[in-house]
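A.B. asks: Before we start, here is the structure in question, set down as structure tokens.
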Amino acid sequence: MATQIYFNLPVKDLNRTVDFFTALGFSFNPDFTDENATCMIINENAFVMLLVEGFFKTFTSKGIVDATTTTEVIIAFSVDSREEVDQTVRKALAAGGTPSQEVQDYGFMYNHSFQDPDGHLWEVMWMDPAGAPADPAPDATAE
């Protein structure tokens with residue numbers, strides 16, 4: 001069985017958050033959705049539980065950070081092309097997200113980022129299936 005991963009994020013307005021991520025093309029599992037939470041599907045093994053802050057607090061004795069001023073995590077997901085990276089970030093900004101970092105282009109890897117309406121940081125990335133270029137062998141004659 002493949003390991004599944006679940007990220008749990010506090011949100012202020014669940015409906016606004018669902019609308020935002022729906023605009024980016026994500027879907028939600030209705031079996032894990034009510035007025036307190038929803039399960040956003042990243043893929044068959046990765047999910048984000050979006051929990052209204054009051055409900056989120058029932059899972060921890062720690063305070064909840066204000067993600068608009070403090071970074072608790074950067075969530076990254078991959079897409080199939082450089083164009084899809086840019087398209088996803090454009091959709092996020094059009095749906096009410098805000099810019100995060102500038103595009104980072106390493107040739108074999110390309111990524112861009114945005115903040116969701118609650119200030120959580122998201123990175124969208126593409127990586128060349130051929131991988132990073134190999135480092136050239138050091139020149140044994142160089143001193």
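The values are calculated or read from the model by the stated rules, or taken from the named source; none is laboratory data. Being a predicted model, the structure only gives us computed values, none of them experimental. When we count neighbours, we look across all protein chains shown, and the Cβ atoms used for this are built from the backbone with ideal geometry, even at glycine.
A.B. asks: Only residues that are surrounded by fewer than 16 Cβ atoms within 10 Å (Cβ to Cβ) and charged (D, E, K, R): list them for the range 33-83, please.
C.D. replies: Hits for the range 33-83 are D34, E35, E44, E53, K57, K62, D66, E72, D80, E83.
A.B. asks: To continue, here is another question. Give the range 106-143 a look and list any residue that's loosely packed, with under 13 Cβ neighbours inside 10 Å and either at pLDDT 95 or above or not aliphatic (A, V, I, L, M) (or both), or say none.
C.D. replies: Y106, G107, P129, G131, P133, D135, P136, P138, D139, T141, E143
A.B. asks: What's the total number of residues in the range 88-105 that are crowded, with 16+ Cβ neighbours inside 10 Å and out of contact with any helix residue (DSSP H, G or I) (no Cβ under 8 Å at 6 or more places or on another chain)?
C.D. replies: 3
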